[in-house]
Amino acid sequence: MTESVTIYIYTVLVGLVAGGITISAYRIFTNELPSFQTRPRTPLGAFGQVLVVVFGGPLVLMRNAVRGRLIEHRPLPLLAASAVIASLWCFFSGAFLVNLLERLA
């Protein structure tokens, strides 16, 4: 059981790191915060926006959930649900990346 938990945590952390790198790269290139509402202006921008949503989505989701809790005083169960969704999202993006790197190695 502990091996399964370790693999799950490792995969979630891989997805979280990928999201952090994606969000940081987005902020460097555009000088603005990523959002689910952003509309790309070029085809390359559209590809970049897909990467931001796929890999950086959990971080955007949690940023919005924490801000909603602090500023708008949304209920705590909503923040907990957002955290569960974000961790599962990180798990799936991490599993994709681990599988991709395993095939390339």
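The values are calculated or read from the model by the stated rules, or taken from the named source; none is laboratory data. As the structure is a computational prediction, the values presented were derived from the model and not from experiment. Don't worry about glycine lacking a Cβ; one is built from the backbone with ideal geometry, like all the others, and counts go over all protein chains shown.
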Only residues in the range 63-80 that are over 23 Å from SER24 (Cβ atoms) count as the first member; pair them with residues that are among the small types (Gly, Ala, Ser), Cβ under 8 angstrom, at least 6 apart or cross-chain, and list the lot. ARG74/ALA65; ARG74/GLY68; LEU78/ALA65; LEU78/GLY68; LEU79/ALA65; LEU79/GLY68
Only one of (1) modelled with pLDDT under 95; (2) touching a Cys at 6+ places or on another chain (Cβ under 7 Å) fails for VAL12. Which number is that? (1)
Filter the range 70-79 down to the residues that are at negative phi and more than 16 Å from the chain's Cα centre (by Cα), then identify the one that is surrounded by the most Cβ atoms within 10 Å (Cβ to Cβ). ARG74
Please indicate, with yes or no, whether at least one residue in the range 12-25 is at positive phi and either of a type outside the set (Phe, Trp, Tyr) or surrounded by fewer than 16 Cβ atoms within 10 Å (Cβ to Cβ) (or both). no
Does any residue of the range 27-37 turn out to be within 20 Å of TRP89 (Cα to Cα) and either assigned to a helix (DSSP H, G or I) or acidic (Asp, Glu) (or both)? no
Counting only residues that are of a type outside the set (Val, Ile, Thr) and within 19 Å of ALA81 (Cβ to Cβ), how many does the range 47-71 have? 12
Mind checking which residues of the range 11-37 are among the hydroxyl-bearing types (Ser, Thr, Tyr) and touching a residue at least 12 places away in the same chain (Cβ under 8 Å)? THR11, THR22, TYR26, SER35
Counted residues in the range 48-94 being in a helix (DSSP H, G or I) and among the charged types (D, E, K, R) come to 3
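Here's the yes/no breakdown for (1) of a type in the set (Phe, Trp, Tyr); (2) touching a Ser or Thr at 6+ places or on another chain (Cβ under 6 Å); (3) modelled with pLDDT under 95; (4) under 21 Å from LEU16 (Cα atoms):
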position	(1), (2), (3), (4)
ARG27	no, no, yes, yes
ARG74	no, no, yes, no
CYS90	no, no, no, yes
LEU101	no, no, yes, yes
ALA105	no, no, yes, no
